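Read through the structure below, which is laid out as structure tokens, and then see the notes.
Laboratory data are not the source of any read-out in this text; all were calculated from the coordinates shown. No experiment lies behind these values; they were computed from the predicted model shown. All Cβ positions, even for glycine, are placed from backbone atoms using ideal geometry, and neighbour counts span all protein chains on display.
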Ligand SMILES: C[S@@+](CC[C@H](N)C(=O)[O-])C[C@H]1O[C@@H](n2cnc3c(N)ncnc32)[C@H](O)[C@@H]1O
């Protein structure tokens, strides 16, 4: 049977970081994550989705943090008609939370700065007035274009670009940054094959550049979410502290999410850390940043 690949240096680093919780952390990240989905309100509503699942005798749970967020007791939701017809999007529970924290409304022009393949673009499209979705990678932008069509994301403009070349200003920004992908181990046994301490530092350097650039695209009074699926402080709290040192008008706001246990690291006030064993999710880090008026 295939097992998860862990580099020795990763184990050494997180044994030290997790201290007495290492055992629980390490056990959890070797267990496959639960299945979950998001209701695409561009094409359906929760009543129709629940009726369809009840008719099929499939068990599901509506997560307390949002009406459109569900867990499902079904081994392959990708085979469901609901998925094939784009009424639901398969999305990991923790990865739904950055958009909930950003809370876009139908008044907002939103930048999805690193958007492909577009799971969070679907969520943004459900709430926002207009979304510009950028990604630098030409292969991945094809998937985003495919998803725009499939999920009927009419208010989304897809642009292949390095976000550091975008010139507009925005009410809200989601920066779901390129990262070392540490958090993906519960989905992919080989997620850490390319992982090295050097990769983490390279990603952190890029994240700092992109974060500063995106913050400068925010209108005064606007808000942005910075998120990564890495557990590394270098890619989370350190990046946001860098922004705080460079931009005096940036503040990290406190986030509350119903039914989600949030932890903080003293390195950066209000920066949310999701430990996999707390909410049975992937590892995740994010925060809500305001730009003072
Ligand atoms: C974590 S993934 C985004 C996942 C996506 N937000 C979702 O939820 O489906 C990070 C993305 O950033 C893109 N990227 C990396 N550097 C970029 C840059 N300078 N400008 C725009 N996109 C970039 C990568 O191609 C990758 O698709």
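Here are some notes:
- Semi-axes of the equivalent ellipsoid for region 162-293, Cα gyration tensor, largest first, Å: 24, 18, 13
- When the inverse distances between all different Cα atoms of region 91-213 are averaged and flipped, the Kirkwood radius reads 15.1 angstrom.
- Ordering 205, 247 from the fewest to the most neighbouring beta carbons within 10 Å gives 205, 247.
- Ratio Rg/Rh [Cα only; Rh per Kirkwood] for region 1-151: 1.02
- Ellipsoid semi-axes in whole angstrom, largest first, where each is sqrt(5λ) of the Cα gyration tensor of region 34-91: 14, 13, 11
- C-alpha center-to-center spacing [region 19-77, region 111-185] in angstrom: 23 Å
- Exposure proxy ranking for 4, 119, 281, based on other Cβ atoms within 10 angstrom of each Cβ and starting from the fewest, stands as 4, 119, 281.
- At the listed q of 0.19, 0.20 Å⁻¹, the Debye profile of region 221-293, built from one uniform point per Cα, gives log10 I(q)/I(0) equal to -0.74, -0.81.
- For region 34-91, averaging the sequence separation of C-alpha pairs within contact (under 8 Å, six or more residues apart) and dividing by the residue count gives a relative contact order of 50 percent.
- Springs join every pair of Cα atoms under 10 Å in this Gaussian network model of the chain, and among 183, 23, 71 the largest mean-square fluctuation is at 23.
- Applying the Kirkwood pairwise sum to the alpha-carbon positions of region 61-128 produces a hydrodynamic radius of 13.1 angstrom.
- The residues 263, 160, when put in order of fewest to most other Cβ atoms within 10 Å, stand as 263, 160.
- A viscosity of 1.306 mPa s and a temperature of 10 °C, combined with the Kirkwood radius over Cα pairs in Stokes-Einstein, give a translational diffusion coefficient for the chain of 81 µm²/s.
- Of all the options 211, 257, 174, the one that moves most in a Gaussian network model of the chain with Cα springs shorter than 10 angstrom is 257.
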